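What follows is a short report on a single structure.
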Amino acid sequence: MPSAAGTRGGKLPLVVWVLAAGTFLMGTTEFVIAGLLPEIAGDLGVGVSHAGLLITAFAIGMIVGGPTMALATLRLPRRLTLVAALAVFALGHVVAALSSSFTVVLAARVITALATGAFWAVGFVIVTTAAGPARATRAVGVMMGGLTLANVIGVPVGSFVGQYTGWRGPFWALAVLAALAAVFVGRFIPRTEQRAEVPVRAEVRALRQGRLWLALAAAVLIMGGVLATYTYITPLLTDRAGIPAGAVPLVLIVFGLGALGGTAVGGRLGDRYPMAATITAAAVTALALLLLIPLSTGPVTAVALVFLMALAGFTVNPVVTSLAVRFAGDAPTLTSALTTSAYNTGIAAGSALAGTAMNTSLGLTGPALVGTLSATLTLLPLIALALGGTRRRPAGHRTRGAVRGRRPGQVAPAAEEPRHLGAQLLPEQQERLSKLGVQPAEAASPERELSADEVVDRVLACRAIAP
């Protein structure tokens, strides 16, 4: 697998872009339903709000399946896991496209979600390892960029095609593309075995950190806020803003552009200003959703707020994902799966609550109100994480700018960096530090073994850079 070394000069390893292509397909299937709800509801003989359960079911499948599949495939080669996930993904779409039963389509969505959860869990670990600690958030942002690009291209195209061929057309296309992607991934993902030295117990132990659960809570709430509104965006645009049904795919492109921009911004800022970026973005998301309630009667303001909602909301995602994987240290697979589950917990809860709210007197503005509340609540774990993070630094940590005679953010000279970190390091940890320009000596009698991320934290602390 490419190492971080391969990222010199700002370039990310090829594996990151390969997996981003896979997430493009999975993002398309998850969200294309939002643009096809009326067609699916009419064909399967259910109401629009009931058809929205196809989004909820997919999210629930990823919530349960992500961690389960991560543990079940822990000892398997990562390439095999990715190829198998894409194969099951393709099969699930074939079953859905052949069925005329809402129950069968619902079950197929759950099976597809299990495969998607496995793909995401392993994929996040691969890209963060390949990119190295200095570009981990950017690599996650690129991989999630496949998801947001799906909203720019995949979802609008799928919605457009579905209006002319029926909703089954996009499902057949996704099945074929997933089969091709399985061949592509099998060809370009390096053959690597899952690390045998990371047992299931180590993966579970990584979940004891409170800051990890704060990051997961932020993922739940921000995604719940955005997707509560997005799930039922079509009736809001057509019945309240007065936008023709044929123009809805264009608005979905606008949403996708905002999401793509937000993912790029989060990926760029997250490595340097993680908390400032996420707190600001969550606040802007809540404001955009709140304004959407009174201003969605005008097509121009409605489209502008949909763009802002996506731009700000998706800025949070790559940052909290990278933080969660980083907090897990040397046992990131289960945490990566739980991060995916967290996003889909937000999607499931948000879309379910939004459907309920839409059937009340709130009507079409109900989903936006649910989204506003959820995005506002996102600020609580983010602020707690920011405050808690400043108190729980490794021993000897100096806060940003605390080095005497140095401006905030200025890197300390190499002479001030530690050459002995007080612990015997694993070869993997020595490799990661060498990429930061540090060659630590081994301690004769270490008190305990530091995780790779604790070592990186200490180096960054001595450089007076806030992680």
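Residue by residue through the range 93-112, note down the ones that are under 22 Å from the mean Cα position of the chain (by Cα) and within 15 Å of Ala173 (Cα to Cα).
Selection gives Thr112 alone.
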- Pairs, please: C-beta under 6 Å, at least 6 apart or cross-chain, first residue more than 14 Å from Pro156 (Cβ to Cβ) and in the range 16-31, second open to solvent by 10 Å² or more (accessible area, probe 1.4 Å) and of a type in the set (Phe, Trp, Tyr)? Val18/Phe188
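For the range 335-347, what are the residues that are open to solvent by less than 10 Å² (accessible area, probe 1.4 Å) and either of a type in the set (Ser, Thr, Tyr) or out of contact with any Gly (no Cβ under 8 Å at 6 or more places or on another chain) (or both)?
Thr335, Ser336, Thr339, Thr340, Ser341, Ala342
Looking only at the range 206-262, count how many residues are among the basic types (Lys, Arg) and touching a Gly at 6+ places or on another chain (Cβ under 7 Å).
Looking only at that region, the number is 1.
Table: residues versus (1) out of contact with any Phe, Trp or Tyr (no Cβ under 6 Å at 6 or more places or on another chain); (2) closer than 23 Å to Leu311 by Cα; (3) assigned to a helix (DSSP H, G or I); (4) at pLDDT 75 or above.
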site: Val122; (1), (2), (3), (4): yes, no, yes, yes
site: Val125; (1), (2), (3), (4): yes, no, yes, no
site: Ala136; (1), (2), (3), (4): yes, yes, yes, no
site: Met143; (1), (2), (3), (4): yes, yes, yes, yes
site: Leu149; (1), (2), (3), (4): no, yes, yes, yes
site: Trp172; (1), (2), (3), (4): yes, no, yes, yes
site: Val183; (1), (2), (3), (4): yes, no, yes, yes
- Task: Only helices (runs of 4 or more DSSP H) wholly contained in the range 190-293 count here; list those with 1 or more residues that are open to solvent by 60 Å² or more (accessible area, probe 1.4 Å) and modelled with pLDDT of 80 or more.
- Result: 210-231, 248-269
- Looking only at residues in the range 58-73 that are open to solvent by less than 10 Å² (accessible area, probe 1.4 Å) and not aromatic (Phe, Trp, Tyr), which one is modelled with the highest pLDDT? Gly61
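Table: residues versus (1) at pLDDT below 75; (2) out of contact with any Asp or Glu (no Cβ under 6 Å at 6 or more places or on another chain).
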| site | (1), (2) |
| --- | --- |
| Pro318 | no, yes |
| Leu323 | no, yes |
| Gly329 | yes, no |
| Pro332 | yes, yes |
| Ser341 | no, yes |
| Gly350 | no, yes |
| Asn359 | no, yes |
- Is it true that Arg79 is part of a helix (DSSP H, G or I), of a type in the set (Lys, Arg) and either more than 16 Å from the chain's Cα centre (by Cα) or modelled with pLDDT under 85 (or both)? yes
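Looking at Leu91, Leu114, Leu106, Leu98 in this structure, which one is open to solvent by 10 Å² or more (accessible area, probe 1.4 Å) and free of Cβ contacts under 8 Å to residues at least 40 places away in the same chain? It would help to see each step written out before you state the result.
Values: Leu91 fails: free of Cβ contacts under 8 Å to residues at least 40 places away in the same chain; Leu114 fails: free of Cβ contacts under 8 Å to residues at least 40 places away in the same chain; Leu106 fails: free of Cβ contacts under 8 Å to residues at least 40 places away in the same chain.
Exactly one of Leu91, Leu114, Leu106, Leu98 is open to solvent by 10 Å² or more (accessible area, probe 1.4 Å) and free of Cβ contacts under 8 Å to residues at least 40 places away in the same chain, namely Leu98.
The values are calculated or read from the model by the stated rules, or taken from the named source; none is laboratory data. Quick caveat, the model's predicted, so the values are computed rather than measured. Don't worry about glycine lacking a Cβ; one is built from the backbone with ideal geometry, like all the others, and counts go over all protein chains shown. Quick note on the areas: whole protein, heavy atoms, side chains included, nothing else; ligands and nucleic acids left out. Shrake-Rupley method; radii C 1.70, N 1.55, O 1.52, S 1.80 Å.
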